[in-house]
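So the structure is just underneath, and the comments pick up after that.
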Amino acid sequence: MKRLSILLSFIGLLALVSWIVLRPSPNQSAIALHPGWKVIRPPHDVAALLIEPNEVWAGGTEGVWVADPHSLQAHPAFPADDGPQHVHALLRDVDGALLIAHDGGLTRLTNGRTERVELPTGLLPGVVLSLLITRSGELWVGTDRGAAVRQGNIWQAVHVSDGLANEVVNVMHEDSEGGLWIGSYDAPRGGLSYRPPKGPWQRWSVTEGLPHPNITSLCQEGTSRIWAGGGLFERGGAACFEQSGGVWHLSHVFGKRDGLAGEKVRSIFFDSKKRLWFGSEYDGLAVRLGDMWKIYRETDGLSHPEIKVIREDNAGNLWIGTRDGITRISADAL
């Protein structure tokens with residue numbers, strides 16, 4: 001028994017040494033993989049990306065980080081244990097301030113100084129999940145207790161009684177006609193609501209054909225289609241909406257057998273080359289170009305198979321936020 005105990009202790013020590021030697025260095029910001037693919041880590045968990053000419057802002061459970069788009073080096077935007085944590089969305093306000101949606105509410109960053117944004121009564125305290133500025137200049141803030149819209153300096157709360165499918169406003173998107181799409185994440189309730197420029201709201205749930213009531217992502221493909229992705233664990237898909245006679249209809253639903261990497265859709269993005277990207281919860285990234293599909297996984301260079309956010313910079317490079325780092329794919333590598 002003594003020899004067995006010594007042997008087990010030695011194996012455990014060897015495993016620990018191997019992990020220390022082989023694990024990625026936390027100080028190595030950009031890791032080269034396949035040509036044109038690089039992983040930026042830290043940050044690790046990345047749920048939000050804001051791409052700007054001279055810097056890339058990333059937000060997640062570790063707070064806000066800033067990456068140089070040229071050197072691909074990243075650093076925290078705030079001192080250790082300071083600033084907003086558990087970040088869900090990043091957006092530039094109309095006056096240039098950085099808006100940070102996080103578990104503690106909504107924060108504005110202006111000239112290195114932060115301030116809390118007070119939302120209408122009934123929405124605080126609450127988690128801010130999503131942000132949107134419309135072309136008319138309205139600021140929409142989605143929380144776990146409804147939405148708030150700012151017109152000028154006036155705030156107004158928006159709830160289910162006003163047209164929302166559910167109080168948990170997880171994602172928002174303005175279409176090319178000025179219609180507002182709002183997705184909830186509150187299974188078994190939840191679903192999707194649509195506020196047209198004029199006329200009554202529309203709502204969809206699983207009863208109307210949604211693959212799942214948890215909506216994670218919204219994206220417009222050209223001018224004729226809106227995609228809504230969602231799900232939970234191994235269930236979900238991507239719902240495609242098309243317009244007919246001025247009214248939007250759910251036309252079809254895509255799942256794994258149709259070309260997706262996995263059933264639950266975590267993110268959707270339509271790039272400048274008219275490719276449609278679907279990020280999954282567990283299974284990597286799928287891209288559709290016409291009738292052709294391709295799946296990318298960790299073996300291809302992804303930093304993690306959970307794809308939380310996809311963005312594109314002005315040069316056509318893709319920035320992919322995952323549960324464990326940012327994958328940057330250069331335009332000529334796709």
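Annotations
- Selection within the range 138-168: residues that are small (Gly, Ala, Ser) and without any contact (Cβ under 8 Å) to a residue 24 or more places away in the chain. The member of this set that is nearest to residue 98 (Cα to Cα) is 152.
- Residue match in the range 18-25 (condition: at pLDDT 95 or above and closer than 25 Å to residue 299 by Cα): no
- Counting only residues that are surrounded by fewer than 18 Cβ atoms within 10 Å (Cβ to Cβ), closer than 16 Å to residue 94 by Cα and among the basic types (Lys, Arg), the range 109-153 holds 1 of them.
- Apart from one condition, residue 211 fits all of (1) buried (at least 17 other Cβ atoms within 10 Å of the Cβ); (2) in contact with a Leu (Cβ under 9 Å, 6 or more places away or on another chain); (3) of a type outside the set (S, T, N, Q); the exception is (2).
- Scanning the range 138-164 for residues that are in a loop (DSSP other than H, G, I, E, B), under 22 Å from the mean Cα position of the chain (by Cα) and over 13 Å from residue 180 (Cα atoms) yields a single hit, 145.
- Residues located in the range 238-281, provided they are in a loop (DSSP other than H, G, I, E, B), within 19 Å of the chain's Cα centre (by Cα) and not basic (Lys, Arg): 260, 261, 262, 263, 271, 272, 281
The values are calculated or read from the model by the stated rules, or taken from the named source; none is laboratory data. Owing to the predicted nature of the structure, the values given are computational and were not obtained by experimental measurement. Note that each Cβ is placed from the backbone with ideal geometry, even for glycine, and that neighbours are counted across all protein chains shown.
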